[in-house]
1. Explain nothing, just compute: Karplus ³J(HN,Hα) = 6.51 cos²θ - 1.76 cosθ + 1.60, θ = phi - 60°, for every residue of the range 163-172 in order, whole Hz, x for Gly and Pro.
2. Quick one: what are the phi-derived ³J(HN,Hα) couplings along the range 304-315, Karplus 6.51/-1.76/1.60 with θ = phi - 60°, whole Hz, x for glycine and proline?
3. So what is the relative contact order for the range 224-316, in percent, with contacts set as C-alpha pairs under 8 Å and at least six apart?
4. Taking Cα pairs under 8 Å and at least six residues apart, what relative contact order does the chain come out at, in percent?
5. Taking H as built 1.01 Å from N, whose amide H comes closer than 5 Å to the amide H of ASP343, not counting residues under 5 places away?
6. Can you give the extra length, in nm with one decimal, that the chain gains between ILE143 and ILE83 once fully stretched, where that is 0.36 nm per residue apart less the Cα-Cα distance?
7. How big is the gap, in Å, between the Cα center of the range 252-287 and the Cα center of the range 509-540?
8. Using the structure shown, select from LYS124/LYS319; LYS124/LYS428; LYS319/LYS414 the pairs with a Cα to Cα distance greater than 22 angstrom.
Amino acid sequence: MTSVEQATRASSAHPLDPLSEAEVTLASDILRTEKQLGSDTRFTHVQLEEPAKSDILSWQPQKNLLRRAAAILFDCKTGATHIATVDLKTRKVIAWREHLTKVHPYGQPPVTLEEVFKVGEIVKTDAGWRGAMKRRGLSDEEIELVQVDPFSAGYFDREVEKGRRLVSAVSYWRKDFKDNGYAHPIEGVVALVDLIENKVVQLVDEPDIVPIPKRSRNYDRASIPRTREDVKPLDIVQKDGPSFVVDGWKVSWQNFSFRVGWTAREGLVLHQIAFRDGARERPIVYRASVTDMIVPYADPTANHFWKSAFDAGEYGLGKLANALELGCDCLGHIHYFDVPVADDYGKPLIMKNAICLHEEDYGILWKHYEFRNDTFEVRRSRRLVISFFTTVGNYDYGFYWYFYQDGSIQLEVKLTGIIQTAAIAPGKSYPWGGMVAEGLGGPTHQHFFNARLHMMVDGERNTVTEHEFKPRPFGADNPYGNVFDTTSRVLQSERDAAREADGRTGRYWKIVNTNERNSVGGPTGYKLIVHAAPVMLAQDDCFMCARGGFATKHVWVTRYSPDERYASGEFPNQHAGGDGLPRYITQNRAIENEDVVVWHTFGATHVCRPEDFPVMPVEYIGFTLKPNGFLAENPAMDLPLDRNTASRDNREPDSCCH
Ligand SMILES: [Cu+2]
């Protein structure tokens, strides 16, 4: 029996399971043989082609597994790019489509790791760039130590960029190989690198030379020899083990269940999130993931105006995920998922400890003291956390999905790592951001994430409603002036459903199933709770907005279509713009009582401060889905009394918990 057959016969095997190592190998072997691919082929991913939703919903454990692989590959000598589907049972390439990267609106496959590493060598052999370094006073020895950062080039309608596969490279002086280069930006030099021709095709070398800030700002443990001494261990003890159950790629915990998936672009994907309500298994979300990001910078100068990385679509949140470390990244009783993926050459690779699953105490869930009869009841809350961390160049992002015993689901993104920096001449102020150190500025920027939530509240047909608080004028129905109304309206079509949050009216949305009735006669539903933070602040008709249009609204609702998978479109790298959500909604499909996808853009506007350097403390952003007329009462009334006896070990023997 081959390992593919073994995988497809395992008792817990499911058609949404990520491809195994054997399946990755098989898929790339079939592609190589059938399409006669040579050694110049590079794979941006080889991963599960998710079966059609109808096949998943009708699938039974005794049925055959559908196993197909999806791949995007390109020739590193010609740039020719193909999108392929491989059937692993029949061992045939069943779809093979060329993606045209040389014609408008362009769009390149993501940058590979191989390319990230070769850019430094290409740039350092360019005579123009070396001359620019020399003009800034660097010796040959110092030039060898320069840190060259490949950064997605974006699209600015320049002739030099059309149809080429490019990155822009910015440079940082370093005292030695371990030095933190971001403390020493080399201002006014940007090399545009063609990754197919392996050469610099345009060099910006500004005549005005800004001195390089040379003070070291390192964060490795050797650079911080004295650490504080008043931190005692804080261990999480779960001597009876955790309260979750993992069966293959399925997780069950406290009425919740979901399946774990993974893609190179999105990283962690959650499938089929459901809540067990008595005897009923009630679906909530069919598929949830973050499909793209954009980080636009607000500095108009040479090194910065073009910076607007799409960290998912241009690199891959999954591709760059970290191997997590017990006791450092994760505390408590941890279950790690090791994820099989493909490397740039289509070979299997196990991403060790890529996904972390554990429980956390979360304070009080509910409590009441009834002083009249001395009834005192309190129950502690805990949450299940499934997460991964990814490093995209200077920034590090953690994606943490939380499940709570009250039925809430939350996504929290943790932003940390190192800010982009700019050298500022002595005595000059920095108009485009905040100063973080002497001679060092951090350009103001925004971080946007788009979560794609294919909703399935109690069934496949859902409706999205919008609600706002409106004060009611004095009148016969409001004689004391205390009344205010909660308005509600149905979002009926896609164009009508591209919405912004509004803190003044407390605008919120619900995803409801009008075909079901809850305990008080209304539709069953979940509420989407968002933060009314700014959307994209760049001008509407600039390149950043055209390419990252998904970041111009907080909420979008589309009718589900299997090929509309990414907020920024399929190939955002160097795309001329207009793809993704703004294009999807031009169809203006009806979305009331339909199979709908809710797309939520959330973000942080980051004005840099000295406290963000040398490594930024975590900034938290995200959203919550909260049951709203979904359940008949607080679903956590049946929680047992406190069982956390370890906390009592150091207490007086006669003290007790109420
Ligand atoms: Cu930031």
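What follows is calculated from the coordinates using simple rules that are stated; it is not laboratory data. Just so we're clear, the structure is a prediction, and the values are computed from it rather than from any experiment. Cβ placement follows ideal geometry from the backbone for every residue including glycine, while neighbour counts extend to all protein chains displayed.
1. The phi angles translate into x, 8, 9, 10, 9, 9, 10, 10, 10, 9 Hz.
2. Rounded to whole hertz, the list is 10, 4, 8, 6, 7, 5, 9, 5, 7, x, 9, 10.
3. Values: 131 pairs, mean separation 15.5, N = 93.
This gives 17 percent for the range 224-316.
4. Working: 1527 pairs, mean separation 84.9, N = 658.
Normalised by residue count, the contact order of the chain is 13 percent.
5. LEU349
6. Working: separation 60, 0.36 × 60 = 21.60 nm, distance 3.97 nm.
Going from the current span to full extension adds 17.6 nm.
7. 19 Å
8. On the way: LYS124/LYS319 26 Å; LYS124/LYS428 30 Å; LYS319/LYS414 18 Å.
Among LYS124/LYS319; LYS124/LYS428; LYS319/LYS414, the Cα-Cα distance tops 22 Å for LYS124/LYS319; LYS124/LYS428.
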